[in-house]
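The values are calculated or read from the model by the stated rules, or taken from the named source; none is laboratory data. Given the structure is predicted, the values throughout are model-derived calculations rather than measurements. Neighbour counts are summed over all protein chains in view; Cβ atoms, including those assigned to glycine, are modelled from backbone coordinates with ideal geometry. Note: accessible area is taken over every heavy atom of the protein model, side chains too, but ligands, DNA and RNA are not part of it. Shrake-Rupley method; radii C 1.70, N 1.55, O 1.52, S 1.80 Å.
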Amino acid sequence: MVWAFIVAALLDQKPLFGFNASSVQTELSWEARVDSSIDPRDQAQWMRTLTARPHHVGSAYGLINAEFMLKLYQSWGYDAQIERFYVLFPTPKTRLLEMGSWRAKLFEPTIPSDPTGKASSEALPLYNCYSIDGDVKGKLVYVNYGVPKDYDTLEAHGIDIKGKIVIARYGGSWRGIKPKVAAEHGAIGCIIYSDPRDDGYGQGDVYPKGGWRNEDGGQRGSVADMPIYPGDPLTPGYGATKDAKRIALKDAITLTKIPVLPISYGDAKPLIESLQGPMAPPDWRGGLPVPYHLGPSTTDVHLKVAFNWDTVEARDVIAKLPGSQYPDEWVIRGNHHDAWVYGAQDPISGQVAMLNEAKALGGLVKDGWRPKRTIVFCSWDGEEPGLLGSTEWLETHLDELTQKAVAYVNTDSNSRGFVGLEGAHSLERFLNEVVRDVQDPETKVSVLERAKARAAVNAAPAEKEAALTGDIKIGALGSGSDYSSFIQHAGIAAIDLGYGGEGDGSQYHSTYDSYDWVMRFSDPGLVYGGVLSETGARVVMRLADADELPFEFTHLAKTVEGYLKELSALEDSMRLETQEQNKLIEDGTLSKSFDPTKTNVAPKPKDVPPFLNLAPLQNAVARLAKAANALEVKRKSSAVPDSVLIATERALLGPGLPGRPWYRHTVVAPGLYTGYGVKTFPGVREAIEQRHWKEAEDQTVIAAAALDRLSSILEKASQ
Ligand SMILES: [Zn+2]
């Protein structure tokens with residue numbers, strides 16, 4: 001499209017990736033109209049309505065909200081309906097945590113100055129969803145973040161986990177990993193608390209004086225084993241429609257193996273104080289004014305939880321605007337509407353920004369605009385327990401979406417700050433161009449320039465220049481919001497975008513994530529809600545209106561080359577580390593370093609990684625780079641058909657990851673032991689991390705085949 005570029009330059013207008021020179025001006029003028037119709041005051045009004053009462057999946061107010069949004073979409077000219085699914089959603093019947101005569105409060109009281117975040121009989125109390133029922137008694141052990149390497153440290157201190165209740169702090173991994181790893185080590189119960197160092201007065205003034213978590217604030221959340229599969233635990237891999245066959249509760253492998261309960265740091269203090277035994281390592285110590293010992297405690301802790309194992313209705317609001325030229329190509333835009341309690345930030349800050357986009361686009365239609373491709377707005381239900389609404393919708397419509405979906409654009413919580421972009425690497429160039437054209441409301445530079453400035457300031461000295469001059473890298477998608485099934489199960493190019501980093505505080509999954517809290521601390525005036533709408537609307541409009549879909553593969557090729565280098569480096573560093581550590585163990589050096597008055601257990605020597613054959617992937621990465629460059633040359637003279645570009649992300653699907661075949665993408669997946677955190681080339685990387693050498697080489701072949709399928713598509717299109 002060089003000719004388009006030259007024409008655009010001559011006319012002194014910026015080129016738009018995917019648009020012929022003749023259509024750029026029209027597109028930009030429609031976008032300018034959208035900007036002028038976006039109004040944070042609309043968003044504030046909808047936020048007030050949507051957060052007036054607790055609205056978790058299946059709740060009375062959740063239905064009122066769904067119907068409210070349905071009417072909005074319809075009033076803006078959309079063909080909208082509520083699509084219902086029937087999902088397992090346990091809610092607490094009994095919650096008890098005691099030690100001797102002490103009993104945990106487990107309660108977030110009303111703060112008089114915030115009527116929008118008050119305690120309510122409709123509110124779900126502090127609990128972790130998809131914990132099993134349990135009634136356990138045992139000594140307490142502190143496990144830091146409760147990730148696998150923390151248990152190596154405990155073992156080195158001679159601490160036995162079997163039969164114990166563990167207490168882990170939030171952070172370091174997705175919460176569902178903590179009970180999973182604890183159970184794998186023989187624990188009988190798991191308590192997760194918010195430590196004030198990471199999430200409280202260690203960060204700033206606490207609510208209501210400041211925006212940070214106070215001593216009563218807790219974090220609800222799902223603990224399902226979502227890295228196995230997300231969605232309804234009883235309908236793995238298919239839609240939870242009314243008549244769908246359900247598996248038995250006892251066969252639902254994504255439920256925890258041990259009971260789990262989240263608590264505030266107010267409740268955690270006496271528990272941490274009760275720990276005896278060796279001091280925890282310095283980087284394990286949190287912000288409570290007590291010494292952090294590893295344990296065990298001398299007194300037994302009693303943990304009892306029981307749940308109502310109900311099936312409830314999830315209500316997705318789906319609103320369509322048909323495309324004029326390609327009605328069977330869908331640009332899908334989604335944000336969830338269910339919350340743990342009031343959820344003003346999570347998820348309503350993103351929901352109202354998306355509604356504002358829908359309203360603005362509806363307005364354009366009245367002025368004569370028609371998108372070339374169909375736009376589908378999705379207000380998802382049941383995201384919080386396990387991406388239920390989006391996953392069940394995708395699984396129900398998998399064949400149709402595999403055919404029609406161009407891309408999925410996700411948002412969720414939003415606040416003041418910098419633009420954050422994650423997604424399919426084929427959309428990196430496109431997204432850079434979008435954020436180039438959005439202005440930051442406070443500094444009046446583009447949000448791209450702001451993001452680059454921050455990246456450059458934080459970059460290593462040798463990389464500062466590149467951070468300023470090059471495109472910003474978009475992150476790979478792990479899990480944690482509704483994009484997961486689109487990219488990882490269906491191979492639909494997905495994007496997650498939002499603003500953040502300058503909101504003052506966090507009330508994540510607390511009752512105090514309220515309207516007043518958002519307006520005082522997270523995004524006063526919802527100014528960044530407005531910016532998110534401008535960004536989201538541009539992404540959707542450009543994808544829907546482009547003459548040629550703005551997918552591009554040289555960025556992708558470069559990025560996967562980086563992932564491959566990481567794999568080689570991982571293998572090398574594991575080999576070196578294992579060799580050195582084994583030597584220290586075997587020649588007695590390690591034991592000589594121990595303090596003889598303390599318990600120390602030397603680890604056993606591990607097998608040294610063999611030299612793995614990564615050649616299939618190296619060849620595939622090299623071929624992809626060539627194919628991507630050749631396609632860009634070809635595009636200068638002729639456009640690539642949509643059908644070819646839509647197929648590219650699907651090509652990256654494989655047969656499914658070992659032990660979790662629902663995850664089919666060969667380049668990105670949430671980590672089996674990180675949860676939300678992404679693993680790139682997950683099949684290969686996790687096999688290396690788990691020292692499964694044969695599997696690592698098998699997975700190398702599978703990942704290489706996926707890249708080769710993509711290369712074949714690009715090569716064919718370049719001929
Ligand atoms: Zn959310």
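Mind computing the radius of gyration and Dmax over the alpha-carbon atoms of segment 622-674? Å is fine for both.
Reported Rg and Dmax, both Å: 15.3, 47.
Name the residue from PHE430, CYS129, THR443 whose Cα lies farthest towards the positive end of the charge dipole of the chain, charges +1 on Cβ of Lys and Arg and -1 on Cβ of Asp and Glu.
So the residue furthest toward the plus end is CYS129.
I'd like the accessible area for THR311, computed on protein heavy atoms only with a 1.4 Å probe and all protein chains in place. Round to 10 Å², please.
80
Would you list which lysines come within 21 Å of LYS180, measuring only between C-alpha atoms, while excluding same-chain residues fewer than 8 positions from it?
LYS137, LYS139, LYS149, LYS162, LYS164, LYS250, LYS257, LYS304, LYS679
If you roll a 1.4 angstrom probe over the protein chains with everything in place, what fraction of the accessible area of the chain belongs to carbon and sulfur, to the nearest %? Please report the intermediate quantities before stating the final value.
Working: 14490 of 26460 Å².
So the carbon and sulfur contribution to the accessible surface is 55 percent.
For q = 0.12, 0.16, 0.17, 0.22 Å⁻¹, what log10 I(q)/I(0) does segment 613-719 give under the Debye formula with an equal point scatterer on each alpha carbon and no solvent?
-0.45, -0.72, -0.79, -1.10
Students often forget the sequence filter, so: which aspartates and glutamates lie under 19 Å Cα-Cα from LYS606 once same-chain residues fewer than 8 apart are removed?
Filter leaves ASP150, ASP152, GLU155, GLU571, ASP572, GLU577, GLU580, GLU586, ASP587, GLU686, GLU689, GLU695.
Which whole-number value in Å² is the accessible area per residue of the chain, probe 1.4 Å? List each step's numbers first, then the result.
Working: 26460 Å² over 719 residues.
Accessible area per residue, the chain: 37 Å².
Go ahead and estimate [θ] at 222 nm for the chain from helices alone: -39,500 (n - 2.57) per DSSP H run with n ≥ 4, summed, over the residue count, rounded to 500.
Working: 22 runs with 267 residues, N = 719.
Taking each H run of at least 4 residues, the total per residue is -11500 deg cm²/dmol.
Size of the dipole of segment 616-690 about the Cα centre, Lys and Arg at +1 and Asp and Glu at -1 on the beta carbon, nothing else charged, in debye to 20?
On the way: 10 positive and 5 negative charges, 46 e Å.
Approximately 220 debye in magnitude.
What is the gain in length, in nm to one decimal, between GLU67 and ALA460 on full extension, counting 0.36 nm per residue of separation less the C-alpha to C-alpha distance? Each step should come with its number before you reach the end.
Numbers: separation 393, 0.36 × 393 = 141.48 nm, distance 5.04 nm.
Here the segment from GLU67 to ALA460 would lengthen by 136.4 nm.
Over segment 507-660, with a single point scatterer placed on each C-alpha, what log10 of the ratio I(q)/I(0) does the Debye formula yield at q = 0.15, 0.17 1/Å?
-0.98, -1.06
Sequence gap at least 6, Cα distance under 8 Å: using those rules, report the relative contact order of the chain to the nearest whole percent. Intermediate values should be presented prior to the final figure.
Values: 1569 pairs, mean separation 124.0, N = 719.
Relative contact order comes out at 17 percent.
Considering every Cα-Cα pair within the chain, what fraction, in whole percent, is farther apart than 51 Å? Intermediate values should be presented prior to the final figure.
Working: 29868 of 258121 pairs.
More than 51 Å apart: 12 percent of the Cα pairs in the chain.
Using the Karplus curve 6.51 cos²θ - 1.76 cosθ + 1.60 with θ = phi - 60°, work out ³J(HN,Hα) for each residue of segment 635-647 in order, rounded to whole Hz, and write x for Gly and Pro.
With the stated coefficients, segment 635-647 comes to 5, 5, 10, 8, 6, 8, x, 3, 4, 5, 5, 5, 6 Hz.
Considering only C-alpha atoms, what is the centroid distance from segment 112-134 to segment 629-680, in Å?
39
Counting every Cα pair in segment 591-652, what percent are over 14 Å apart? Before the final figure, lay out each step's value.
Details: 1464 of 1891 pairs.
That fraction is 77 percent.
Can you sort LYS634, LYS178, LYS694, LYS404 by solvent-accessible area, 1.4 Å probe, largest first?
Ranked from most to least accessible, the order is LYS694, LYS634, LYS404, LYS178.
Write down the percent of antiparallel bridges among all DSSP beta bridges whose residues are both part of the chain, to the nearest 5.
Around 60 percent of the beta bridges assigned by DSSP in the chain are antiparallel ones.
Just the number, please: Stokes-Einstein D of segment 352-481 in µm²/s, Kirkwood Rh from C-alpha pairs, 25 °C, 0.890 mPa s. Write down the numbers at each step before the final one.
Numbers: Rh = 17.5 Å.
Answer, rounded: 141 µm²/s.
Within straight cross-link reach of LYS636, meaning Cα distance under 28 Å, which lysines are found once same-chain residues fewer than 8 apart are removed?
The qualifying lysines are LYS14, LYS372, LYS404, LYS473, LYS558, LYS626, LYS716.
Given bins 5 angstrom wide, list per bin the percent of all Cα-Cα distances in segment 311-415, short to long.
Per 5 Å bin, starting at 0, the Cα pair percentages come out as 3, 12, 21, 23, 18, 14, 7, 2, 0.
What is the P(r) of segment 104-171, as percent of Cα-Cα pairs per 10 Å bin from 0?
15, 33, 27, 18, 7
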